[in-house]
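Q: Have a look at this one before I ask anything.
A short reminder: the numbers here are calculations on the coordinates, not readings from a lab. Computed from a predicted model, the values in this text were never measured in an experiment. Every residue, glycine as well, gets a Cβ built from its backbone with ideal geometry; the counts of neighbours run over all protein chains shown.
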Amino acid sequence: FGVLILEMFTGKRPTNELFGGSCTLHSYTKSALPEKVLDIADQSILHNGLRVGFLVVECLTLVLEVGLKCCEEYPTNRLATSVA
C-alpha cells in the first residue's frame with residue numbers, strides 16, 4: 001500500500017534508474033520531506049489546475065508521510081492499513 005502511494009504521488013517507480021545502491025524510493029521521499037515536497041511531487045499533479053500553496057504542500061506532505069509509514073522496513077513499525 002505504501003509503495004503504491006509513493007509511486008502515485010512522486011511519479012517514480014522503485015525500479016527507476018534514479019534509485020540504486022542505498023537510494024530507494026523510500027529514502028528519496030523521506031529525505032525530501034517536508035521542505036522539498038514540490039520537487040519530488042509528480043508534475044502532472046501540480047499542473048492539473050491546482051494552485052500551489054500551503055494547502056497543496058501540506059496535503060502532499062501528509063499523503064507521502066502515510067506512504068512512508070506504510071512501507072517501513074520493519075513490519076512492527078508500519079502503519080496499519082485500517083488506520084491509514
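Q: Just checking, does segment 14-28 include any residue being within 22 Å of Val83 (Cα to Cα), small (Gly, Ala, Ser) and surrounded by 12 or more Cβ atoms within 10 Å (Cβ to Cβ)?
A: Scanning segment 14-28, I find no residue that is within 22 Å of Val83 (Cα to Cα), small (Gly, Ala, Ser) and surrounded by 12 or more Cβ atoms within 10 Å (Cβ to Cβ), so the answer is no.
For every residue, the table says whether it meets (1) touching a residue at least 12 places away in the same chain (Cβ under 8 Å); (2) under 20 Å from Leu79 (Cα atoms); (3) outside any loop (DSSP other than H, G, I, E, B); (4) touching a helix residue (DSSP H, G or I) at 6+ places or on another chain (Cβ under 9 Å).
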residue: Met8; (1), (2), (3), (4): yes, yes, yes, yes
residue: Arg13; (1), (2), (3), (4): yes, no, no, yes
residue: Glu17; (1), (2), (3), (4): no, no, no, no
residue: Ser27; (1), (2), (3), (4): no, yes, yes, no
residue: Lys30; (1), (2), (3), (4): yes, yes, yes, yes
residue: Glu35; (1), (2), (3), (4): no, no, no, no
residue: Ile45; (1), (2), (3), (4): yes, no, yes, yes
residue: Cys59; (1), (2), (3), (4): no, yes, yes, no
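Q: While we're on this one: State all residues of segment 61-84 that are more than 15 Å from the chain's Cα centre (by Cα) and assigned to a helix (DSSP H, G or I); if no residue qualifies, say none.
A: Pro75, Thr76, Asn77
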